[in-house]
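One structure below.
The values are calculated or read from the model by the stated rules, or taken from the named source; none is laboratory data. Since this is a predicted model, take the numbers as computed values, not measurements. Neighbour counts run over all protein chains shown; Cβ positions are idealised from the backbone, glycine included. These accessible areas exclude ligands, DNA and RNA; they are computed on the full protein's heavy atoms, side chains included. Shrake-Rupley method; radii C 1.70, N 1.55, O 1.52, S 1.80 Å.
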Amino acid sequence: MPSSNKRLTVDQRIAAVEWEAHSEKLSNFLRGAPGHPALTPHEIPLLFEDVEAALLHLRQTFELMPPRQRASSMHPSAATD
């Protein structure tokens with residue numbers, strides 16, 4: 001769960017949770033999950049745009065990190081604790 005990953009910055013955690021929420025909504029739509037309302041033809045492209053924007057925001061939070069910190073947050077075995 002990204003919200004409890006101590007290797008991520010606060011901004012990265014927020015962005016990861018946001019991306020997960022949008023991805024889950026997309027997954028429910030694609031699977032036709034029971035109990036979830038159907039999307040209108042107008043809502044479908046908006047959902048894809050939301051998922052794309054959330055992923056871009058998450059990616060940008062990692063691009064703001066110094067390369068050394070970025071490597072250790074993505075590859076726990078590379079950490080030098």
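Please state which one of E49, E24, E63 is within 27 Å of N5 (Cβ to Cβ) and at pLDDT 95 or above.
Checking each option against the conditions leaves just E49.
Would you check which residues across the range 1-46 are under 16 Å from F62 (Cα atoms), open to solvent by 60 Å² or more (accessible area, probe 1.4 Å) and among the hydroxyl-bearing types (S, T, Y) and list them?
Residue satisfying the conditions is S3 alone.
Checking S3 against (1) modelled with pLDDT of 90 or more; (2) part of a helix (DSSP H, G or I): exactly one of these is not met. Which one?
Result: S3 fails condition (1) only.
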